[in-house]
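Structure, as structure tokens:
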Amino acid sequence: MEQEKYAHLEKELSPKTPILKNVIKAFLVGGLICLIGQFIALFYITYFDFTERTASNPTVATMIFISMLLTGFGLYKKISQFGGAGASVPITGFGNAVVSSAIEHKSEGYVLGVGGNMFKLAGSVILFGVFSAFIVALIKTILVKFGVVSW
Amino acid sequence: MISIYITSFIVGGLICVIGQLLMDVAKLTPAHTLCSLVVAGSILDGFGLYEPLIDFAGAGATIPITSFGNALTHGALAEAEKHGLIGVVTGMFEVTSSGISAAIIFGLIGALLFTSKGNV
Amino acid sequence: MKNGVLTFSSMPSLYSTGVTAGPLEKKKSVFAEQFDKVYEDERCDLPTNEHGHKQLMYDAVMIALSKEKKTIDKIDFFLTGDLVNQMTPSSFTAHELGIPYIGMFAACATSVSSMITAALLADAEQARWLIAGSSSQHNAIERQFRYPLEYGSQKGATCQWTVTAAGAVLIGQHKEGNPSICCATVGKVVDMGMTDPLNMGAAMAPAAMETLSCHLKGHKKTIDDYDTIITGDLGSNGFKIFKALANESGLSHTKNFRDAGEEFYGNDPSFNAGASGSGCSAAVFLSDVYKKLQKREYKRVLLIATGALLSPLTYQQGDSIPCIAHAIEVTMDGVSVN
Amino acid sequence: MKKLIYLLLVSLLLTGCNEKGTHIENTTTHDTVPLEKTLDSNEHVKLAVALLHEEDLIVGIRVNTFSRFQKKKIAKKINKELKKEYPDLEVTVSADSKVLLETDKLIKKGDSKNYQKKIDDIKSIAKEQT
């Protein structure tokens, strides 16, 4: 059988991704995680010396802490299975990627295992974040220098 | 005051919906999806659009990974404003350090405390 | 031209089997009661996943031996494989057993490829007693091929769950009344250009079909000669495609077809498309199918184990997934129909 | 599921049009009428708390839901307007809810002796976020 013909058959028989269902679940889970984040931010604004803007730093740290607990107790993968991108796009998903890699590679020791593999999954996010930030900031700085745009 | 919760829920949820569509429709792997979103956040900040979104949606815009790209760009731009081109490189982690440092610290603590389980 | 088609005139027999499985399989597998030993701990109370993996295989071998009251020093060859990097669990088992060892790799088709090799050695009278089998341990394999265990990624309906199980079988010269291996077909590597590592069933189904038609043609059999034709770990999606391919290639029906991967967890939706892993086919063939042969519920079966010959490296480099399937025919009839 | 989203959208619209409120505390001799007028006349402002004390005028504002996109610009604009009205005062206007919260707390306490120290705190907070 030809590859093309088989690809056609495979596509026909394999179950379709339930996109609408997945999207709704992602919306609810992602929204809920952000909502929890908002409550935590309010907590930091009300009881500590953080403004709306600066509160995002401790909020992110707290969310990653919660993500660590959920990952360690094996709950985050269940949330992810239900919520899909709703669980992996928030910063908790970033935390989950780091913490799960760290836990997984504990058996190889703390230096080679945990240290060497912690950013196995999350590293690319940092790389592309930094690289695109560099390019964007560079372009904007140059444009400002030439007076095309202002800060 | 209530409205910030609603906007954070909806905006945060919508950013996740974009992620889900990238995964399900564009068939990207989770890693590619997250990288795309980070780049998108960074570009939005280049146009000065992400900060207003944060003002509008609070945690709905700061919790999704897009804010990571935004924060990196924001730090770089703020430093570039002060010190010129060299600031692009030096200012990058000025704002974002908390996410990465928290991830490293809690990653290590997690590794100390837990072992992985192969259950469903 | 042999073309991979093998006939064993002396018909080597299966003497005993040993099947071990993890705690999740104890709880969720429909075959759990037929396993010889199940562990309460997923690492068999050992420090690492790979040690647990080794223990699974070791215990399976010891159980198979103890059933026939054989000791290790009577065994001439030990043929096994698994999916971990460089197959260390199998090699470590072999070290612990101290039996002359040939490591076999055919991914999840190792259960059958090792039995074929064992039958060849027995048929050539180069060995009196042999142990064949294969094993897999969920945690070790998952980390090898996919993500860390606790990493949250949404698994689609075509994903399969790697089982924690091992199966070992003691093979010797022909003995009347024992299930015996009469013939086999070594498969070709088939690549239909599938690239999704989360839909292995679809990648493996054409290989299973290729080997099935090769076997039927080479041994001049029809599917009605078999009480069952059981595939290894196609999963519900791959099995569906396999049956569609069978219909398309002119086979009259598929009602005696089974798939170990699909049945393993009893269609529990939390396992998506079902089970996979080199331990899956071994555990089902050597427990359920073997026992049905012994009880003469089955007189002649065709075991087709399928394997996806990919590594994380190849699919990240954009290669498609080449697959293989090996078939072995086990019968309770004294004389081969050939 | 769809009902839930619908419900959320409706409540979002409802909270968008809350009643307006302005609260002003004055310990100086300045006239607060132009301040009130500026704050009330701004269509974006939902809630405002202002404190006039010695040389300082601190205003914390909360803007309508959909005005939040430009809340920094709104704060800046009000700041400019107030500077015109009160040229001899140091004007601080912020849309950050922390400023609103702290100013409100300060007024509610009513302990006018400690005003100055707190006011400096709030001013530094407001500066931090811009």
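The values are calculated or read from the model by the stated rules, or taken from the named source; none is laboratory data. Just so you know, these numbers come straight off a predicted model, no measurement behind them. Every residue, glycine as well, gets a Cβ built from its backbone with ideal geometry; the counts of neighbours run over all protein chains shown.
Worth pointing out:
- The single condition among (1) in contact with a strand residue (DSSP E or B) (Cβ under 8 Å, 6 or more places away or on another chain); (2) in contact (Cβ under 8 Å) with a residue 40 or more places away in the chain; (3) outside any helix (DSSP H, G or I); (4) closer than 24 Å to residue A:15 by Cα that residue C:280 does not meet is (3).
- Residues of the stretch A:81-92 that are within 7 Å of chain C (Cβ to nearest Cβ) and crowded, with 24+ Cβ neighbours inside 10 Å: A:84, A:87, A:88.
Conditions (1) surrounded by 19 or more Cβ atoms within 10 Å (Cβ to Cβ); (2) small (Gly, Ala, Ser); (3) more than 8 Å from chain A (Cβ to nearest Cβ), marked per residue:
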position: B:33; (1), (2), (3): yes, no, no
position: B:56; (1), (2), (3): yes, no, yes
position: B:64; (1), (2), (3): yes, no, no
position: B:110; (1), (2), (3): yes, yes, no
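- Residue C:313 meets the stated requirement of being outside the structural domain of residue C:108 (by TED's automatic domain parsing), among the aliphatic types (A, V, I, L, M), free of Cβ contacts under 8 Å to residues at least 40 places away in the same chain and outside any loop (DSSP other than H, G, I, E, B).
- Criterion (within 14 Å of chain C (Cβ to nearest Cβ) and under 18 Å from residue B:113 (Cα atoms)) met by exactly one of A:106, A:78: A:106
- Test result for residue A:143, more than 20 Å from the chain's Cα centre (by Cα) and either assigned to a helix (DSSP H, G or I) or of a type in the set (D, E, K, R) (or both): yes
- Matching option when the condition is at pLDDT below 95, small (Gly, Ala, Ser) and either surrounded by 18 or more Cβ atoms within 10 Å (Cβ to Cβ) or outside the structural domain of residue C:287 (by TED's automatic domain parsing) (or both), among C:60, C:94, C:64, C:107: C:107
- Output for the stretch C:124-143, where each listed residue is touching a strand residue (DSSP E or B) at 6+ places or on another chain (Cβ under 6 Å) and at positive phi: C:133
- Boolean, residue A:130 is over 17 Å from residue C:147 (Cα atoms) and either charged (D, E, K, R) or not assigned by TED's automatic domain parsing to the domain that holds residue A:43 (or both): yes
- In the stretch B:20-31, the residues that are facing chain A (nearest Cβ under 7 Å) and either of a type in the set (Phe, Trp, Tyr) or within 25 Å of residue B:96 (Cα to Cα) (or both): B:20, B:30, B:31
- One residue stands out among those in the stretch A:63-75 that are within 15 Å of the chain's Cα centre (by Cα) and within 8 Å of chain B (Cβ to nearest Cβ): the one that is surrounded by the fewest Cβ atoms within 10 Å (Cβ to Cβ), which is A:65.
- The residues of the stretch B:55-83 that are in contact (Cβ under 8 Å) with a residue 40 or more places away in the chain and farther than 13 Å from residue A:132 by Cα, listed by number, are B:56, B:57, B:58, B:59, B:60, B:61, B:63, B:64.
- Taken together, the residues in the stretch C:204-233 that are within 12 Å of another protein chain (Cβ to nearest Cβ) and touching a helix residue (DSSP H, G or I) at 6+ places or on another chain (Cβ under 8 Å) amount to 4.
- Take the conditions (1) in contact with a helix residue (DSSP H, G or I) (Cβ under 6 Å, 6 or more places away or on another chain); (2) charged (D, E, K, R); (3) not assigned by TED's automatic domain parsing to the domain that holds residue C:25; residue C:150 misses just one of them, which is (3).
So that you can scan it fast, the table gives a plain yes or no per residue for (1) of a type in the set (A, V, I, L, M, F, W, C); (2) at the interface with chain B (Cβ under 10 Å from one of its Cβ atoms); (3) out of contact with any Phe, Trp or Tyr (no Cβ under 6 Å at 6 or more places or on another chain); (4) more than 30 Å from residue B:63 (Cα to Cα):
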| position | (1), (2), (3), (4) |
| --- | --- |
| A:10 | no, no, yes, yes |
| A:19 | yes, yes, yes, no |
| A:22 | no, yes, yes, no |
| A:29 | yes, yes, yes, no |
| A:37 | no, yes, yes, no |
| A:40 | yes, yes, yes, no |
| A:43 | yes, no, yes, no |
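- Of the strands (runs of 3 or more DSSP E) that lie entirely inside the stretch C:81-197, those containing 3 or more residues that are among the small types (Gly, Ala, Ser) span C:129-136, C:165-172.
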